[in-house]
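Scroll down for the structure; my scribbles are underneath it.
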Amino acid sequence: MVEAQLAERGIQDPCILDVMRKIPRERFLPSAIAHQAYQDRALPVELGQTISQPYIVGCMTQALQLKPHHRVLEVGTGTGYQTAILAHLAKTVYSVERFDELSQSAQSRLRFLGLGNVVCKTGDGTRGWPEHAPYDRIIVTAAAPRIIQDLVDQLDEGGLLVMPVGGEGTQRLTTIERHAEKVVERPSIAVRFVKLIGEGGFQN
Ligand code: SAH
């Protein structure tokens with residue numbers, strides 16, 4: 001997976017490649033499809049959600065430019081796979097998931113892997129998690145119709161927000177940089193994510 005799907009397609013950061021080599025992706029899947037864990041695509045998980053394609057996880061992680069001292073907010077814990085990668089590369093990860101059932105299973109996987117630097121909660125992540133703001137980095141792993149201002153507001157100066165922005169079909173993976181005077185938006189590849197449902201996302 002790491003060589004063929006990531007390194008050859010431009011995920012070059014050795015720390016990201018190492019972490020993705022180490023994390024057992026099959027542990028994040030329903031047992032019936034665990035044997036498909038290393039396929040080059042997104043896979044269906046519980047409650048109609050998906051675990052992202054490894055390449056897209058690599059792209060989003062690379063776009064975040066994580067440093068070991070970073071505090072990261074993740075919106076959309078899902079299976080906890082992306083969360084585990086963030087937890088290896090940053091200091092603390094705050095992760096919000098809409099479905100309690102998904103959050104609970106993700107938390108038990110993260111505990112099993114010994115990742116003690118993740119704090120999870122169930123709720124609508126489109127409003128962020130103001131109690132722990134500001135964040136150095138924010139990642140949204142579901143599609144939103146537009147950039148969410150509440151999340152931009154919870155970024156520290158120099159912070160980055162990475163999220164898929166667009167309609168229900170295809171979105172653009174977008175990186176938003178917050179500077180003192182301005183906010184810079186950098187759209188990149190086309191992606192397909194499940195919908196972010198909530199106040200700042202889709203209605204349903
Ligand atoms: N990163 C995940 C994939 C997440 S799929 C992984 O590696 O497995 C997107 C997730 O976002 C789903 O679990 C979905 O329930 C969640 N989600 C959708 N709307 C949300 C919201 N408003 N707040 C928090 N989570 C949300």
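The values are calculated or read from the model by the stated rules, or taken from the named source; none is laboratory data. Computed from a predicted structure; not experimentally measured. Cβ placement follows ideal geometry from the backbone for every residue including glycine, while neighbour counts extend to all protein chains displayed. Protein only, heavy atoms only, side chains kept; ligands, DNA and RNA dropped before computing areas. Shrake-Rupley method; radii C 1.70, N 1.55, O 1.52, S 1.80 Å.
In the frame of its principal axes, the chain has Cα extents of 48, 35, 35 Å, reported largest first. Under a Gaussian network description of the chain, with springs only between Cα atoms under 10 Å, the residue in ILE138, ILE148, ILE189 that fluctuates furthest is ILE189.
Counting only DSSP beta bridges whose two residues both lie in region 2-190, roughly 45 percent are antiparallel.
For region 104-204, the percent of C-alpha pairs falling in each 10 Å distance bin, counted from 0 to the bin holding the largest distance, reads 15, 41, 35, 8, 0.
When exposed loop sites are taken as GluC sites (Glu not before Pro) in a DSSP loop with at most 16 other Cβ atoms within 10 Å, the longest stretch of the chain clear of them is 1-167. Taking only protein heavy atoms and a 1.4 Å probe, the accessible area of the chain is 49% carbon and sulfur. Ranked from largest to smallest solvent-accessible area, with a 1.4 Å probe on the protein heavy atoms, HIS179, HIS35 come out as HIS35, HIS179. Amide H contacts of CYS120: SER95, each under 5 Å away and 5 or more positions distant or on a separate chain (H built 1.01 Å from N in the peptide plane; Pro and chain starts excluded).
Rolling a 1.4 angstrom probe over the protein heavy atoms, how many square angstrom per residue are accessible across the chain? It would help to have the intermediate numbers written out before the result.
Numbers: 9290 Å² over 204 residues.
Here the per-residue accessible area is 46 Å².
Backbone N atoms of region 38-63 closer than 11 Å to the 7 Å Cα→Cβ label point of GLU101 belong to residues 46-49.
Using R₀ = 22 Å, calculate the FRET efficiency as 1/(1 + (r/R₀)^6) where r is the Cβ-Cβ separation of ARG111 and ASP18; round to 0.05.
Efficiency, from the Cβ-Cβ distance: 0.50.
Under 21 Å between alpha carbons: how many lysine pairs meet that in the chain, if sequence neighbours fewer than 8 apart on the same chain are excluded? Walk me through the numbers on the way to the answer.
Working: LYS22/LYS67; LYS22/LYS91; LYS67/LYS91; LYS91/LYS121; LYS121/LYS195.
Lysine pair count for the chain: 5.
At what distance in angstrom do the alpha carbon centres of region 51-73 and region 10-32 lie from each other? The two parts, judged by their Cα centres, are 11 Å apart.
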